[in-house]
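The values are calculated or read from the model by the stated rules, or taken from the named source; none is laboratory data. These numbers were taken from a predicted model, which means no experiment stands behind them. A quick note on method: Cβ atoms are made from the backbone with ideal geometry, for glycine too, and the neighbour counts reach across all protein chains shown. The protein model used for the area step is the full one, side chains on, heavy atoms only, and it has no ligands, DNA or RNA in it. Shrake-Rupley method; radii C 1.70, N 1.55, O 1.52, S 1.80 Å.
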Amino acid sequence: MKSTICSLLVVLSAGLYAAQPIVVDLWPDGAPGDNGLTEYVTETGRISDVSRAELEVFLPDAADAAGQAVIVCPGGGYRHLAIDHEGRDVAQWLSERGIAGVVLKYRMPAGDSSIPTRDVFRAIETVRDNAAAWNIDPGQVGVMGFSAGGHLASTAMTHYESPEQRPDFGILVYARVSLSDKYGLPAMRQVLCGTMEYTESVAAFSNVERVTPDTPPVLILFSNDDPTVDPRNGTAFYDAARINGVPAEIHIWPTGGHGWGWRQEFVHGGEMRNVVGRWLSGLR
């Protein structure tokens with residue numbers, strides 16, 4: 001679904017793609033649902049209590065465009081967004097390699113799981129709506145998420161209701177994909193679904209249980225010593241993908257902990273970025 005504002009931004013931004021990102025208001029006519037929050041930027045640069053959904057679109061030079069787009073969902077426990085090292089830095093790296101990097105600034109759920117879910121599907125639809133103007137193949141639009149953003153990416157991969165919403169691939173980086181006691185922390189149930197109990201509505205967002213043969217190809221990345229998200233979230237999703245015949249690849253590095261994103265300090269970062277670049281290239 002196109003909007004006048006999105007189309008206007010595309011026209012006004014022509015020729016400026018490489019210089020600065022295009023900023024797109026995902027809901028120019030008003031977003032469905034209201035989380036009641038007032039967003040602010042912390043001293044460390046994270047965006048907390050996000051209440052306005054936007055895209056920051058980093059496009060490669062038209063001559064270098066490979067036709068792919070990756071919608072990047074930063075992490076932050078569904079309370080804030082690590083917008084730089086799990087967002088903008090990733091998108092800039094992608095654009096330098098001919099891939100459109102699209103940072104999704106999604107709204108925090110504040111107990112209503114439908115709020116970020118609507119945002120990620122709106123993002124996928126918006127990128128496809130603008131595919132021709134942005135030199136993107138509408139059949140090469142994927143999602144990538146870190147931690148809670150990885151949960152949102154896995155939601156896009158397993159909850160879509162139409163071909164327009166379905167991502168063509170997904171990259172899950174230390175992603176929490178289960179809300180059960182076995183793999184997850186009950187606290188995330190509260191912030192995402194509004195309850196600490198493992199209710200039917202909570203179980204619906206244990207996305208590892210929703211993998212089907214139609215789930216898109218997935219790349220899964222973890223550190224074995226992650227103290228925040230149990231790496232079995234990754235192996236469980238990989239197993240579910242294999243059982244359903246979904247192309248899947250998983251890498252678990254021995255060290256690194258949690259939250260490394262695109263930080264240069266991550267000792268396995270060079271290898272990780274090579275894996276991501278090679279895997280994306282193999283999809284084209």
Task: Sequence-separation-based contact order of the chain, relative, with Cα cut under 8 Å and 6+ spacing, percent - done: 14
Task: Cubic angstrom per residue, convex hull over Cα atoms of segment 143-284 - done: 106
Task: Within the accessible area of segment 209-264 (1.4 Å probe), percent carbon and sulfur - done: 48
Task: Unit charges at the beta carbon, dipole of the chain: most positive-side option, LEU37, GLN140, HIS85 - done: GLN140
TODO: Rounding to the nearest 20 debye, state how big the charge dipole of segment 127-279 is about its Cα centre with +1 on each Lys and Arg Cβ and -1 on each Asp and Glu Cβ.
DONE: 180
Task: Structure-derived semi-axes √(5λ) of the Cα gyration tensor in Å: which label, when the choices are (i) 26, 22, 18; (ii) 31, 23, 19; (iii) 36, 24, 17 - done: (i)
- [ ] Measure out, as a whole number of angstrom, how far apart the alpha-carbon centroids of segment 157-223 and segment 82-124 sit.
- [x] 16
Open item on the list: As a test of the formula, what do you get for the chain when each DSSP H run with n ≥ 4 contributes -39,500 (n - 2.57) and the sum is divided by the residue count, at 222 nm and rounded to the nearest 500 deg cm²/dmol?
Closed with: -8500 deg cm²/dmol
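Treating the beta-carbon of each Lys and Arg as +1 and of each Asp and Glu as -1, no other charges, what is the dipole magnitude of the chain about its Cα centre, to the nearest 20 debye? Before the final figure, lay out each step's value.
Numbers: 22 positive and 34 negative charges, 52 e Å.
I would put it at about 260 debye.
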- [ ] Output the peptides 34-47, 268-281 sorted from most to least packed, where packing is the average of other Cβ atoms within 10 Å over each peptide's residues.
- [x] 268-281, 34-47
- [ ] Pick out, from ALA53, SER178, PRO28, the residue whose Cα sits farthest towards the positive end of the charge dipole of the chain, with +1 on the Cβ of Lys and Arg and -1 on the Cβ of Asp and Glu.
- [x] SER178
Task: Average accessible surface area per residue within the chain, 1.4 Å rolling probe, Å² - done: 40
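Using the Cα centre as the reference, give the magnitude of the dipole from point charges on the C-beta atoms of segment 77-189 (Lys, Arg: +1; Asp, Glu: -1; all else neutral), rounded to the nearest 20 debye.
On the way: 12 positive and 13 negative charges, 69 e Å.
Once rounded to the nearest 20, the dipole reads 320 debye.
Quantify, in whole percent, the carbon and sulfur part of the accessible surface of segment 50-125 (1.4 Å probe; protein heavy atoms only). Could you put the intermediate results ahead of the total?
Working: 780 of 1990 Å².
Here it works out to 39 percent.
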TODO: Just name one of GLY282, LEU221, PHE266: the one whose Cα is farthest towards the positive end of the charge dipole of the chain (beta-carbon charges, Lys/Arg +1, Asp/Glu -1).
DONE: GLY282
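Of the beta bridges DSSP finds with both residues in the chain, what % are antiparallel, to the nearest 5? Kindly include the intermediate steps, with their values, before the conclusion.
Working: 13 of 36 bridges.
Close to 35 percent.
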